[in-house]
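Heads up, the thing below is written out as structure tokens.
The values are calculated or read from the model by the stated rules, or taken from the named source; none is laboratory data. All of these numbers come straight from a predicted model, not from anything done at the bench. Ideal geometry is used to build each Cβ from the backbone, glycine not excepted, and the neighbour counts take in all protein chains shown. Only protein heavy atoms, including side chains, enter the accessible area calculation; ligands, DNA and RNA are left aside. Shrake-Rupley method; radii C 1.70, N 1.55, O 1.52, S 1.80 Å.
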Amino acid sequence: MEKTVTPIQVERKTLTYETQKRWLGIAFSLPALVLLFTFLILPVMLAFGYSFMSYNMLNPDGKEFTGFDNYIRLFQDGIFLTSLKNTLYFTALVVPIQSAVALGLAILVNKKVKVASLGRVFFFSPVVTSMVVVAILWTFLYNVDSGLINHALNFFGIENQPFLLSADQSMNSIIFMSVWQAAGFQMMIFLAGLKEVPEELYEAAEMDGASVWQKFRNVTLPSISHVTGFVLIITTIQAFRLFIQPYVMTNGGPSDSTKTLVFMLYENGFQFRDVGYSSAIAVVFFFIVLISSLILKKILKQ
């Protein structure tokens, strides 16, 4: 006799299958969730907790709850205010300049010519080079006496410039090098956006007699607005994290002119072993980046 299956049995089997899929999804996600919690969520929680403590790394058993003392000390610290100013200055210049250079390079290599692919490799190659190596290389290029840049300036009758040895020029020198090194990454993102712009829009603009600038302003920019917003946000976050360049090239000097928030965090946490104070810097830094990103996102939406 043929066995009949009741609707209740079918429903139970379906529920069992859905439960199995749910647990299978959790099992596959568990390794990633464990890593996420261990290396991102847990450090943030610990940093927030340590920021209210007096905690020296050399005396791990001597933790003492001090309330908001680290934050009060932080905002009374002249070095912190200088580091904040340097970080904001670097971000305010690097983000628009680097994004504009990246967009220009993307438009340049988007041309349907044989050398376009070679140009992409040429402009992207600094991105895949270690930042430490790039920083050391540019330190030699900026050398006052034997640097290649000063030799080029001498050729045009300009005397040697101090660059990294000058409190007025050091940060601008790092900005120039940073734009050169990282613009290729944003270029590839812009290039992907430009590939999605329909050719029909440009053809219609040409039929209306639009100039090159009008096509760029009325066709290209609106079509890649979502890509532009993404590039500006990630470039802003990367700019706030400035550390390797001043650490390798100037060690935060001269006269703290290139010391940044991340540099100060590293200095207090790993050189002075002041975990509580460096955690307070990390918490403040986190909220500065978060608020800046939210403001930028809102401006871009408008």
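When restricted to residues that are among the small types (Gly, Ala, Ser) and either surrounded by 11 or more Cβ atoms within 10 Å (Cβ to Cβ) or touching a residue at least 12 places away in the same chain (Cβ under 8 Å) (or both), the range 55-87 contains 2. Can you find even one residue in the range 277-290 that is in contact with a helix residue (DSSP H, G or I) (Cβ under 7 Å, 6 or more places away or on another chain), under 16 Å from ILE174 (Cβ atoms), surrounded by 12 or more Cβ atoms within 10 Å (Cβ to Cβ) and of a type in the set (Phe, Trp, Tyr)? Taking every residue of the range 277-290 in turn, none turns out to be in contact with a helix residue (DSSP H, G or I) (Cβ under 7 Å, 6 or more places away or on another chain), under 16 Å from ILE174 (Cβ atoms), surrounded by 12 or more Cβ atoms within 10 Å (Cβ to Cβ) and of a type in the set (Phe, Trp, Tyr). Of the residues screened, PHE190 is one that is of a type in the set (Phe, Trp, Tyr) and within 25 Å of SER125 (Cα to Cα). Among the numbered conditions (1) open to solvent by 20 Å² or more (accessible area, probe 1.4 Å); (2) in contact (Cβ under 8 Å) with a residue 24 or more places away in the chain; (3) under 26 Å from THR228 (Cα atoms), the only one that GLY184 does not meet is (1).
Can you tell me which residue in the range 21-80 is nearest to PHE270 (Cα to Cα), limited to those that are among the hydrophobic types (A, V, I, L, M, F, W, C) and part of a loop (DSSP other than H, G, I, E, B)?
Per the stated criteria, the residue is MET57.
Screening VAL197, VAL179 for residues that are open to solvent by less than 60 Å² (accessible area, probe 1.4 Å), in the same structural domain as LEU242 (by TED's automatic domain parsing) and without any contact (Cβ under 8 Å) to a residue 40 or more places away in the chain leaves exactly one candidate, VAL197.
Filtering the range 253-288 to residues that are in a loop (DSSP other than H, G, I, E, B) and β-branched (Val, Ile, Thr) leaves THR258, THR260. Answer yes if at least one residue in the range 34-48 is open to solvent by 40 Å² or more (accessible area, probe 1.4 Å), touching a residue at least 40 places away in the same chain (Cβ under 8 Å), outside the structural domain of ILE281 (by TED's automatic domain parsing) and touching a Lys or Arg at 6+ places or on another chain (Cβ under 8 Å), and no otherwise. No, every residue in the range 34-48 fails to be open to solvent by 40 Å² or more (accessible area, probe 1.4 Å), touching a residue at least 40 places away in the same chain (Cβ under 8 Å), outside the structural domain of ILE281 (by TED's automatic domain parsing) and touching a Lys or Arg at 6+ places or on another chain (Cβ under 8 Å). Take the conditions (1) of a type outside the set (Gly, Ala, Ser); (2) open to solvent by less than 70 Å² (accessible area, probe 1.4 Å); (3) in a loop (DSSP other than H, G, I, E, B); VAL248 misses just one of them, which is (3).
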